[in-house]
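The values are calculated or read from the model by the stated rules, or taken from the named source; none is laboratory data. Just so it is clear, the structure is predicted and the values come from calculations on it, not from any experiment. Every residue, glycine as well, gets a Cβ built from its backbone with ideal geometry; the counts of neighbours run over all protein chains shown. Only protein heavy atoms, including side chains, enter the accessible area calculation; ligands, DNA and RNA are left aside. Shrake-Rupley method; radii C 1.70, N 1.55, O 1.52, S 1.80 Å.
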Amino acid sequence: MKQLLPFSILLICLSTWTSAQSNVQNLLTENRTNPIGLDVAVPRFSWQLHSTKQNVRQTAYEVRVSADAASVTKGAIWQSGRVASDQSVHIAYAGQALKPRQRYFWQVRIWDNTAEKPSAWSPVAYWQTGMLAATNWKAKWIEPGFVEDTVNRPSTLLRKVFAASKKVRSATLSITAHGLYEAQINGKRVGDAYLTPGWTSYNNHLQYQIYDVTSLLIPGQNAIGVSLASGWYRGRLVWEHQKNIYGKNLALLGELAITYTDGSSETVSTDERWKSSTGPVRFAEIYDGELYDSRLEKTGWATPGYSDSDWSGVTTKPFGYTNLVANYNEPIRQHETRQPIKVLTTPKGETVLDFGQNLVGWVKFKVTGKAGDKIVLSHVEMLDKFGNPYFENLRTAKAQATYLLKGGTETLEPHFTFFGFRYVQINGLTGPINPADFTAITLYSDMPKTGEFTTSNALVNQLQSNIQWGQRGNFLDVPTDCPQRDERLGWTGDAEVFSRTAAFNFGVNSFFAKWLKDVAADQFPNGAVPFIIPDVLNKRPLKEDPAGAAGWSDASIIIPWNMYLAYGDKRIVEQQYASMKAYESHMESVARNALWSEGFQFGDWLSYVTTEGSPASEAKSAFTDNHLVAQCFYAYSTDLMRKAATLLGKTEDAAHYTELLGRIKAAFQNAYMTPSGRLISDTQTAYVLALQFDMMPESLRPQAVDRLVGNIKKYKNHLTTGFLGTPFLCHVLTRFGRTDVAYDLLLQETYPSWLYPVKMGATTIWERWDSMKPDSTFQSPSMTSFNHYAYGAVGDWMYRTITGIDTDETGPGYKHSIIKPQPGGKLTSANASLQTYYGTVRSSWKKESGHLTLTVEVPANTIATIYVPAQSAETVLESGKSLAAAGLTASGSEPGYVVLKIGSGVYTFTSAGL
Ligand code: BGC
């Protein structure tokens, strides 16, 4: 004992000392971990507090920044000093002007409310600036010097040998292209990004990537080699077979900056001394796939010893640099891989691999054959009812990877295309297939996965999986409608309806921030927003005055606001405000007396249409008047403009939008509603939108809810909504006290419903409620995608209602969470977690023999309002203790709930008698 005493005292001291403060982790610069290549003059810093204690709040912080890792303690570039603030997310850098292509190091310490001493300094994080200004580029744009085969347009190889004359301390490559590029140094691939430079409105923004290539350089002679292909820049896009939308020729711009250990530096740039040739990729297109001829491989072409004496030169071009921006979002990377779950022989005798999941990417495979053998991989999403691959819904997209072998054993994969598929038909292979030789590799923007959601219902869990896979497959640098047919475009409406769900499943702040810059760039001079961004539909100069479409064009207003809510990111609203306002003004200019009742609308796209024999066959179709829909979205956007203007302190604008909103609602009531509250369209979408956006006087809302519920009952608990009604359907039912009906809809298994595709074996969200009909035939092939995320927008309701995780609008980004689970639909448990910038928010409940257990997690430096399902405060325990004993006081109650305001920590509530 005597001996033990000093040790235990030491332990106690140690634990008091270590647990006195939170520790600071997960440092982000502009939402990313140690990003390389940021063209942001004022980057923002975020960090997380981690603590074993409850109710932890930051009271102050101190940030220091240096251009040198070793001397970060000196904070030579910026020292914020101790700033009294509870802000730990999006702290703007305020030091001296940043230099181009410079790595900066930073760390932070914080003070919290649990102790007087500050935390330890955090681990060091860094970011590296990009070129920052067009004038900092030295490289020249180059085009290949040979005459191109303009029919097949094979990929181009460009190369250059250079010397690293001394010992290299660091080397970074800044690179972009007209077309897609893949770079190698000394035969090794540069970076792990794919389909670079990604897709943007190239004339306005062309992204370049910056790679740290220090480890690829060798002493003495080195070589850099880059292959280029058509991609989005000049490949076939849009269903009208347009080519060369941005330009006719491939081109490269690259600058390799080398710093030697003695402090001297050297730059190797694209210039007239590069060489050009063609490579093994004889054809590559986004929609049609790739033709790879191994016999044309130029072994060692990206190494210094290769002889390029028969290569052509290059031509330099004065394309300039003003549209260049460093990659703002996470690049496309490879993610999950899957082996075939079955090798099938179809009734037609074809060999087909089933990867068990509709996904986006390509197949890598090992093959042994003779020189000139031709192997063709054809990608499809579905098999028809007979078991044959279903090609028709690809429309004109060939979606094939074709290989001509050089002989022997090779491992092959495409480079400059992608496919949306679950099944792959293989032609040309002789002999038995070994499934282990084939791997499907997914490709999508490298957004961090942030959401988990599961329940006791396996079908709902499959629905959630389908929603997440839909997002993986369609967040490929731009939010696309679908990934398989000759479309794959940045449809604004689809992105708009799904954006809030997207922000639960993955971190999409930077992804949307990047895309929204193109929304603004491609916006028409009259403020209208194109239906597709990047806008490849409208050739400039415009022939006529373009108009917007409700639910599509207002992605320009709705998505910035949704990102603000999900991430507390005010800058996105500031940056988009001019674009948001321009679109709002456009709506004001086309509306007469605040009524928007003219012009083209997509309306409630793909809503239910009666099909003979369907469960709702006795009911009529569910078409909602297009302009009734438009008027509701006009109100929605105007309300968001009012909020955005208030947020940014633009009081005049806010007053104007408040007044306008009143007139929009009055005009709605006048045009579309009888005095007793009946709408001209007796549809679910009409009542849903009118209720969601408060279009009707309060006194008439209860009967509108009755009509909505009556309509749902008339369709025997089936939804009939399209793209625009669907996201709000369950939310409206919940808001007006009919969560029971929302559950009936969610759990409905027959068409039209969310679970009908699940019952039909779907692994992604379908474009139409019945893309595949109950008899296993397909909808019209002209528009039947099996990977279209829009209807997955119910995911937002699932997180926000079933597990009840939401953010308070006054504490966006989950600085103030609301956790209000609403059990129902015979679910016995549900769990969700969300990685926010502050840390994990969790809500997990379980019902067992009359008890409900709710576990919540609230990250440090945030607060939460918790609604514990309970009859009264007396029936609730926290970690086995009464609320009072646990130091908690109910701050209010709502029928069926005890409401608590709590600080950070993990809490387990049990309520009896439920
Ligand atoms: C696309 C969409 C889009 C719609 C607009 C379709 O071709 O796939 O999802 O929103 O057109 O009408």
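With point charges of +1 on the Cβ of Lys and Arg and -1 on the Cβ of Asp and Glu, referenced to the Cα centre of region 230-310, which listed residue (ALA257, THR278, LEU291) lies farthest in the positive direction of the dipole?
Farthest towards the positive pole: LEU291.
Let me have the relative contact order for the chain, percent, based on Cα pairs under 8 Å that are six or more residues apart.
Here the relative contact order equals 10 percent.
Of all the Cα-Cα pairs you can form in region 192-243, what percent are over 12 Å apart?
When every Cα pair of region 192-243 is considered, 77 percent fall beyond 12 Å.
Report, to two decimal places, the Cα Rg of region 117-274 normalised by 2.2 N^0.38 Å (N = number of residues).
1.20
With every atom except the alpha carbons ignored, what do you get for Rg and Dmax of region 10-155, in angstroms?
Over region 10-155's Cα set, Rg and Dmax evaluate to 21.4, 78 Å.
More than 19 angstrom separation, counting every C-alpha pair in region 639-787; what % is that?
Counting every Cα pair in region 639-787, those more than 19 Å apart make up 61 percent.
Under the Kirkwood approximation for Rh and a Cα-based Rg, what ratio Rg/Rh is obtained for region 331-424?
My calculation of the ratio gives 0.96.
How long are the three semi-axes of the equivalent ellipsoid of region 839-902, in whole Å, if each is the root of 5 times an eigenvalue of the C-alpha gyration tensor, listed from largest down?
Whole-Å semi-axes of the equivalent ellipsoid: 18, 15, 12.
Just report the Cα centroid separation between region 814-850 and region 435-511, whole Å.
22 Å
Please get the size of the charge dipole for region 23-100, origin at its Cα centre, with Cβ charges of +1 on Lys and Arg and -1 on Asp and Glu, quoted in debye to the nearest 20.
The dipole of region 23-100 has a size of about 160 debye.
Only bridges with both residues in the chain count here: give the DSSP antiparallel percent, nearest 5.
90 percent
I'd like the Karplus ³J(HN,Hα) series for region 775-783: coefficients 6.51, -1.76, 1.60, θ = phi - 60°, whole numbers in Hz, and an x wherever there's a Gly or Pro.
Values, residue by residue: 8, 6, 8, 9, 5, 3, x, 5, 7 Hz.
If you average 1/r over all unlike Cα pairs in region 519-602 and invert the result, what Kirkwood radius do you get in angstrom?
Mean inverse Cα-Cα distance, inverted, gives 13.4 Å.
What is the spread of the Cα atoms of region 765-870 along each of their three principal axes, largest first, in whole Å?
51, 37, 18
Please compute the per residue accessible area over the chain with all protein chains in place, 1.4 Å probe, rounded to a whole number of Å².
37 Å²
Based on the Cα coordinates of region 712-792, what is the per residue volume of their convex hull in Å³?
Each residue corresponds to 90 Å³ of Cα convex hull volume.
If I compute solvent accessible area with a 1.4 Å probe over the protein chains, what percent of it on the chain is carbon and sulfur?
Carbon with sulfur: 52 percent of the solvent-accessible area.
Just need the Rg to Rh number for the chain, please, alpha carbons only, Kirkwood Rh.
Ratio of gyration radius to Kirkwood radius: 0.98.
To one decimal place, what Kirkwood hydrodynamic radius in Å is obtained for region 182-308 from all pairs of distinct Cα atoms?
About 16.6 Å, per the Kirkwood formula over Cα pairs.
If all Cα-Cα distances of region 89-180 are sorted into 10 Å bins from 0 onward, what percent lands in each bin, rounded to whole numbers?
9, 26, 25, 18, 13, 6, 3, 0
Compute the signed sum of charges (Lys and Arg +1, Asp and Glu -1) over the other residues within less than 12 Å, Cβ to Cβ, of SER911.
Charge balance near SER911 sits at -1.
Counting helices only, and only those DSSP H runs with n ≥ 4, report the 222 nm mean residue ellipticity of the chain as the sum of -39,500 (n - 2.57) divided by its residues, in deg cm²/dmol to the nearest 500.
-6500 deg cm²/dmol
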